[in-house]
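Please read the structure below before turning to the comments.
The values are calculated or read from the model by the stated rules, or taken from the named source; none is laboratory data. Worth saying up front: this structure is predicted, and the values here are computed from it rather than measured. Glycine also receives a Cβ, built like all others from the backbone with ideal geometry; neighbour counts cover every protein chain displayed. Side chains included, ligands, DNA and RNA excluded: accessible areas come from the protein's heavy atoms. Shrake-Rupley method; radii C 1.70, N 1.55, O 1.52, S 1.80 Å.
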Amino acid sequence: MNLLSFVSALMIPLLTLYVIGYGLLRKKDCYEIFVRGAKEGVHTALEILPTLIGLMTAVSVLRASGFLEAFSEKLGIFTGYIGLPAQLVPLCVVRLFSNSAAVGLLTDLYARYGTDSVIGYTASLIMCCTETLFYTMSLYLMHVGIRKSRFVLPGAMLSVLAGIAASIWLGRMV
Amino acid sequence: MLNFLWAGMLLLGIVYAAFNGTLPEVTEGCLNGAKEAVELCLSVAGVVAFWNGLMTIAKESGLVSLAARRVRPFLVWLMPGLKGQDEALDAISVNMAANVLGLGWAATPAGLKAMEKLEKIEEERRRDQAQMLPTEQRNLRRTWHGKAMPEGVANNEMCTFLILNISSLQLIPVNVIAYRSQYGSVDPAAVVGPGIVATAVSTGVAVVFCKMMNRRKASGKK
C-alpha cells in the first residue's frame with residue numbers, strides 16, 4: 001500500500017515533467033501547443049454539460065424519492081454475501097450504460113459518505129477501471145455494421161467484474 | 001438506450017416518491033441536481049483542460065506514436081492474424097496509447113478507423129476463401145483466424161480489440177481525481193496507484209479471456 005500511495009503522489013508530476021521535457025527536447029513550442037490543447041479540453045469538458053445536467057438531475061430525483069436507499073437496503077441482503085457494499089450496486093450497473101449517470105451516482109456517494117470513506121474510495125476505483133460497456137460496444141460495432149458480436153459481451157463483462165472485485169479488495173485495504 | 005435509462009430514472013423516482021410521501025424532496029432534488037451538475041462541470045473543466053493541453057504536447061512531440069510503437073509487438077502476440085497488417089495495427093495501437101494517456105478525443109476516431117480496417121481484412125479473407133478449393137478451405141481451420149466470418153459477424157480481432165478497449169487502459173483517471181477534489185477529498189490523487197492495479201486486473205483478465213477464446217477457435221473445437 002505504501003508503494004501505491006507513492007505512485008499516486010508522484011505519477012502526475014513525473015508525467016508532466018516527462019512530457020514537457022520531451023517536448024522541449026524535440027524543439028516544440030510547448031506553451032503554444034498546450035494552450036491549443038487546453039482550449040479543446042475546455043470545449044470537450046463543457047460539451048457534456050447538457051447530458052450531465054439531465055442525468056445528474058435524474059439521479060438526484062431517484063435519490064431524493066428514497067428509492068435508491070430502499071433499493072440498496074433490499075439488495076444488501078444478497079450482495080453482502082459476496083462482499084459488495086449494496087450502495088455500490090446502482091453505480092456498477094449504471095456505469096455500463098452511461099458515464100454521466102455514473103458520475104451522478106458517484107458524486108451522490110461522495111456527498112453522502114465522503115470521498116475518502118471506504119465506499120467513496122471503492123466507487124472511485126470502480127470508475128477508474130471500467131468503461132461504458134454497452135455504449136462502447138454499440139458505437140464501435142454499429143460503425144462497421146456488425147450485428148453478431150460473438151464473445152465481446154461475455155469477455156467485457158468478465159473484465160468489468162474482475163475490475164469491480166479488485167476495486168473492492170483495494171478499497172478495503174485503505 | 002439512454003432514452004429509457006433517463007426517463008426510467010425520473011419516472012421511477014417520481015412515482016416512488018408519490019407513494020413514499022417524499023414529493024417535496026423530489027422538487028428540491030431536481031433543483032439541486034441541475035445546479036450541482038453545472039458546478040461540477042465547471043470545476044472539472046479546469047483539470048480536464050490542463051490534462052488535455054499537456055497530452056496535446058505529448059501527441060505533437062511524438063510521444064504518443066512512440067508509445068503506440070511500443071504496444072505493437074504485444075498486439076501481434078495477442079492477435080497473430082494481424083501480422084503484416086500495418087494499417088490496422090497502427091490504428092489499434094494509436095487508440096490504445098490515447099486511451100492509456102486519457103485522450104478520449106483522440107482515441108475514438110482511431111478506434112473507429114481500426115474497426116473499419118478489421119472489417120476490410122475480414123472482407124479480404126472472405127474473398128480469398130471463395131476462390132479456394134474445398135481441400136484448401138478445410139486447411140483454413142488450422143490457421144489462427146480459422147474460416148472467414150460471414151458478413152455482419154465480428155471476427156476474432158474485433159472481439160479482442162473491443163474487449164481490451166472496454167477493460168479500460170487509463171493510466172491517470174483525471175476526471176475522477178477532479179470529482180474527488182470538488183467533493184473535498186484530502187488526497188484526490190490517492191486513487192492513481194490503486195487505480196492502476198485495478199485497471200491492470202481488469203485488463204489482465206480481458207487478455208487471458210481473449211487468448212483462451214482465440215485458441216479454442218484456432219484448434220477447431222468450435
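For the segment A:88-99, counting C-beta atoms of other chains within 10 Å of every residue's C-beta and taking the mean gives 1. Summed over all non-identical Cα pairs, the Kirkwood treatment of segment A:17-157 gives a radius of 18.0 Å. What the Cα convex hull of the protein assembly as shown gives, in volume per residue, is 143 Å³. Computed from Cα atoms alone, the Kirkwood hydrodynamic radius reported for chain B is 20.9 Å. Largest mean-square fluctuation among A:ILE77, A:ILE53, A:ILE119, in a Gaussian network model of chain A whose springs join Cα atoms under 10 Å apart, belongs to A:ILE77.
Could you sort B:ARG126, B:ARG70, A:ARG95 by accessible area so the largest value comes first, with the probe set to 1.4 Å? Kindly include the intermediate steps, with their values, before the conclusion.
Numbers: B:ARG126 50, B:ARG70 175, A:ARG95 20 Å².
So the residues, ranked largest to smallest area, are B:ARG70, B:ARG126, A:ARG95.
Once C-alpha pairs closer than 8 Å and six or more residues apart are averaged by separation and normalised to the residue number of segment A:1-120, the relative contact order reads 19 percent. Of interest is the spacing of the C-alpha centroids, which for segment A:137-155 and segment B:112-186 amounts to 9 Å. Its DSSP H runs of at least 4 residues, each contributing -39,500 (n - 2.57), put the calculated 222 nm mean residue ellipticity of chain A at -26500 deg cm²/dmol, to the nearest 500. For chain B, the longest principal axis of the Cα atoms and the long axis of helix B:86-101 meet at an angle of about 20 degrees.
A simple spin-label model places pseudo-atoms 7 Å from Cα toward Cβ; at B:VAL153 and B:ASN139 they are separated by 2.3 nm. Taking all Cα pairs closer than 8 Å and separated by 6 or more residues, the relative contact order of chain B comes to 20 percent. Taking B:ALA49, B:ALA206, B:ALA37 as the candidate residues, the one with maximal mean-square fluctuation in a Gaussian network model of chain B, Cα springs under 10 Å, is B:ALA37. The angle between the Cα long axis of helix B:192-218 and the longest principal axis of the Cα atoms of chain B comes to about 30 degrees, rounded to the nearest 10.
Please report, ordered by residue number, every helix of chain A (full DSSP H runs) that is 20 Å or longer along its axis going by C-alpha atoms and whose mean Kyte-Doolittle hydropathy reaches 1.6. Walk me through the numbers before you get to the answer.
Values: long enough: A:2-25 (33 Å, 1.81); A:30-47 (25 Å, 0.04); A:49-64 (22 Å, 1.56); A:67-82 (23 Å, 0.77); A:99-113 (21 Å, 0.33); A:152-173 (32 Å, 1.54).
Helices meeting the criterion: A:2-25.
Please arrange B:LYS83, A:LYS27 by accessible surface area, largest first, computed with a 1.4 Å probe and ligands excluded.
Numbers: B:LYS83 160, A:LYS27 180 Å².
Final ranking, largest accessible area leading: A:LYS27, B:LYS83.
Note on A:112-123: average number of Cβ atoms from other chains within 10 Å of each residue's Cβ is 3.
For segment A:1-28 versus segment A:71-116, the inter-centroid distance based on Cα atoms is 32 Å.
Output the direction-averaged projected area (hull surface divided by four) of the convex hull of the alpha-carbon atoms of segment A:105-174, in nm².
Numbers: hull surface 20.5 nm².
Mean projected area of the Cα convex hull: 5.1 nm².
The stretch between A:SER138 and A:ILE77, if pulled fully straight at 0.36 nm per residue, gains 18.6 nm over its current Cα-Cα span. Expressed as a whole percent, the proportion of Cα-Cα pairs in segment A:1-47 lying more than 15 Å apart is 61%. Highest mobility in the GNM of chain B, judged by mean-square fluctuation with C-alpha springs under 10 Å and restricted to B:GLY104, B:GLY29, B:GLY53, is found for B:GLY29.
Is there a simple number for the mean count of other chain Cβ atoms within 10 Å of the Cβ of residues in A:165-173, and what is it?
Partner-chain Cβ atoms within 10 Å, mean over residues of A:165-173: 4.
When the residues B:ARG69, B:ARG125 are ordered by accessible surface, computed with a 1.4 Å probe over the protein chains alone, the sequence from largest down reads B:ARG69, B:ARG125.
Counting only alpha carbon atoms, the long axis of helix B:63-78 and the longest principal axis of chain B meet at about 50°.
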